[in-house]
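Taking it in order: structure first as structure tokens, then the write-up.
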Amino acid sequence: MPLAFATSTSYKEEMGKIVVEVCAGTHCTMMGSMDIIDAVHSLEEIRQGMENACEVVVTAVSCMNLCKKSVHGPFVRVDDQLIEQAESEAVMAAIMSRCQEPNARQDI
């Protein structure tokens, strides 16, 4: 199923959409969180012109305070799924998985 992307900070606007929150704290930014945002946004070019797209809202959020001695960022949350030491491929796979679920929002 194709994807659509938007940027939003209002949780009311995000209801019924796949919400991707990327930690933009100092450590996560140094570990590549902005690259993850860029990679997810680059999928919008592929999505253009396709019908029945899932809507994905990508937001950079302040530090999630999840860094611990043995767990490192970047941290990304796709809806309720937390991805530790996130890489672009894992985040995009999680988005695609959510998009393929029957209850994923399909009207843009």
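The values are calculated or read from the model by the stated rules, or taken from the named source; none is laboratory data. Bear in mind that the values here come from a model prediction, so they are computed numbers and not experimental data. Cβ placement follows ideal geometry from the backbone for every residue including glycine, while neighbour counts extend to all protein chains displayed.
Could you list, in sequence order, all residues of the stretch 32-71 that are at negative phi, modelled with pLDDT of 85 or more and assigned to a loop (DSSP other than H, G, I, E, B)?
Result: Ser62, Cys63, Met64, Leu66, Cys67.
Could you check the stretch 52-81 and list, in sequence order, the residues that are exposed (fewer than 14 other Cβ atoms within 10 Å of the Cβ) and closer than 16 Å to Val19 by Cα?
Ser62, Asp80, Gln81
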